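The next block holds one structure in the form of structure tokens; read it before the comments.
Just so it is clear, none of the values below were taken in a lab; they were calculated from the coordinates. Since the model is a prediction, treat every value here as computed from it, not as a measurement. FYI the Cβ positions are ideal-geometry reconstructions off the backbone, even for glycines, and counts take in every protein chain you see.
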Amino acid sequence: MSFEVKFWGVRGSIACPSPHHVRYGGNTSCLEVRAGGTLVILDAGTGIKSLGDSLLQRGIQKAHLLLTHVHWDHISGFPFFAPAYQPNYRFEIKAANLSPLGGVREVLAGQMAKPTFPVPIDAMRSELIFEDFARGDSFSIARDLRARTATLNHPNGATAYRLQYKGKSLCYVTDTEHVIDKPDQNVLGIIQGADLVIYDGMYTDEEFTDKIGWGHSTWQEAVRLCRVAEVKQLVVFHHEPSHDDRFMARIEKQARKALKGTIVAREGMRLKIAQ
């Protein structure tokens, strides 16, 4: 059974639909992971709208949604996730460290409450199962699919995921800020030996010194970490909105030269981890 990922949203901070963001895409974070017969959605940025339309077309009626955190660019697509409004659909939604705020359901419901949104979460007629956990926890998603988590350095916190399926691994490490010349041990621990690592490369090293405290990293730091952790393939992700297609193409060329096989995420891109 295959293990693969498709990118529905690759941007950070805010969606940028413009003629200068076509090649790499303008929607915010959302990934579809297929592990055999199990579907996992990573984050619910604006990209989840198109993913939802695709699920309806394909007749896929259940999935697991894992949130890295609940900043708007990672959840703003959730109210437009059409399958959630359909009966006979089922979604298990997990996020970490939200219990002090009432849990993940209350946070998602809050962005759909008046006066900021006209349709309440109770209008979603699918079966929604909400689960809160603590960063660092591990849990089973399906018989052959397991998740490990780790804490990331980001304002209000964020969660890294490592999905393990039949001996293969995918790591989703976005919205994390590194410390210069001090490799993040949490990140190294969760990506060690991974087959595919999707990492927050929002900035370049040259830009980073002016962005310290903003909670993001660089594609160069991704390369450094993946070398140390002996990662098989790196995908640079969570692109800065001001980095247009021309800028991203330069990053892609430099990143490929720095670490063989490196890919810059593009909307619609599909990668197979195992067949």
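Here are some notes:
- Highest-MSF residue in the chain out of G26, G52, G12 [GNM, Cα springs under 10 Å]: G52
- Net +/- balance of residues flanking N153 in space, Cβ distance below 14 Å, scoring K and R +1, D and E -1: -2
- Here the simple spin-label model places points 7 Å from the Cα toward Cβ, and for F117 and E131 these points are separated by 2.2 nm.
- Within the chain, helix-based [θ] at 222 nm, where runs of 4 or more DSSP H residues each add -39,500 (n - 2.57), nearest 500: -5500 deg cm²/dmol
- FRET efficiency estimate (nearest 0.05) - Cβ-Cβ, A258 to W72, R0 30 angstrom: 0.40
- Both radii were evaluated on the Cα set of segment 95-212; the Rg over Rh quotient, with Rh as the Kirkwood radius, amounts to 1.04.
- Shape analysis of segment 1-158 yields a ratio of the Cα radius of gyration to the Kirkwood radius, Rg/Rh, of 0.94.
- Stretching the chain fully between L101 and W214 yields a gain of 38.4 nm (0.36 nm per residue, less the alpha carbon separation).
- Residues of segment 74-114 with amide N under 19 Å of a point placed 7 Å along Cα→Cβ from I14: 74-78
- Relative to the current alpha-carbon distance between M269 and Q192, full extension at 0.36 nm per residue lengthens the span by 25.3 nm.
- Phi to ³J(HN,Hα) by Karplus 6.51 cos²θ - 1.76 cosθ + 1.60 over segment 16-27, Hz, x for Gly, Pro: 9, x, 7, x, 9, 10, 8, 5, 9, x, x, 7
- Rule-of-thumb Rg ratio for the chain [Cα; 2.2 N^0.38 Å; N residues]: 0.94
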